[in-house]
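To start, the structure under review is shown below, and the notes come after it.
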Amino acid sequence: MSKLSDAEIAEIRDHFEFFDRNHNDLLEEREFIELFKILAPSASREMAIRGFNTIDLDGNGGIDFEEFLDWWQMNWTVF
C-alpha cells in the first residue's frame, strides 16, 4: 500500500467526519451504513453490516479513524 500524503489523509478525514453525525470520533453502524449506501448503492444492508463488523477491528461497536483509513486505502481510492 502506498503512503498517503497529508492532503490525502485530510481529505479522507473530511469524509469520515461528514458521516460521523454525532461527532464522537467513531462511525457507528448506522453512520457506516449511510456511507456504504453512497459508495455501493446496490449493496444490501446485510453487506454493509458485515463490512462494518470486519472494519471494526477492536470490536468496540464503532469504526475509529485509523480503522477507517486502513479500510479506505484498501477499498476506495477514489470517492
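For region 12-56, filtering for residues that are closer than 14 Å to W72 by Cα, at pLDDT 95 or above and not in a helix (DSSP H, G or I) leaves 2. Looking across region 1-11, the residues that are assigned to a loop (DSSP other than H, G, I, E, B) and loosely packed, with under 11 Cβ neighbours inside 10 Å come down to M1, S2, K3, S5. Counting only residues that are crowded, with 18+ Cβ neighbours inside 10 Å and under 13 Å from E31 (Cα atoms), region 43-55 holds 3 of them. Among the residues of region 59-79, those that are in a loop (DSSP other than H, G, I, E, B) and closer than 19 Å to N22 by Cβ comprise N60, G61, D64.
The values are calculated or read from the model by the stated rules, or taken from the named source; none is laboratory data. It should be emphasised that the depicted structure is a prediction, and the values quoted were computed from it without experimental measurement. In this analysis, Cβ positions are derived from the backbone assuming ideal geometry, glycine residues included, and neighbour counts consider all displayed protein chains.
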